[in-house]
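**Student:** Here it is, the structure in full.
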């Protein structure tokens, strides 16, 4: 169990690094482990300003995770239109949204019982 926890923590760390490399915004971690009947342990959510940036964030996350811990998503959805890309790492699911799509689906509200951690990102002036 400890090994699985460590690998989840390491995966989350690398996912966030990948998001930050291409200026993913409003990064949040939703810890779903205390909620019954969830498909995974964590959601990591961020947003980009365009379909180009959403695709860049997805690519950066996949490259960063692959290079650091030799892991790749079990499944990827949404790359064609890049309004919402989902990267499924089994226990950790990454959601990369365009701002208006994130607001529309409001996953944080939908999973309101989750423990949510917001990641501070460097602001560009």
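What follows draws every value from the coordinates through simple rules; no lab data is involved. All values reported here derive from a predicted model rather than from experimental measurement. Using ideal geometry, Cβ is built from the backbone for each residue, glycine included, and neighbour counts are taken over all protein chains shown.
**Student:** Just order 8-20, 64-76, 87-99 by mean Cβ neighbour count inside 10 Å, highest at the front, would you?
**Tutor:** 87-99, 8-20, 64-76
**Student:** Modelled label-to-label distance, residue 67 and residue 109, 7 Å Cα→beta-carbon offset: nm?
**Tutor:** 3.8
**Student:** Could I have the simple spin-label model distance between residue 37 and residue 10, label points 7 Å from Cα toward Cβ, reported in nm to one decimal?
**Tutor:** Modelled inter-label distance: 3.4 nm.
**Student:** Further, regarding this structure: State the extension gain, in nm to one decimal, for the chain segment bounded by residue 80 and residue 50, taking 0.36 nm per residue of separation less the distance between their alpha-carbons.
**Tutor:** 9.5 nm
**Student:** Another one. Counting alpha carbon pairs within less than 8 Å and at least 6 residues apart, what relative contact order, in whole percent, applies to the stretch 2-119?
**Tutor:** 30
**Student:** Relative contact order, percent, of the stretch 18-57 when contacts are C-alpha pairs under 8 Å separated by at least 6 residues?
**Tutor:** 46
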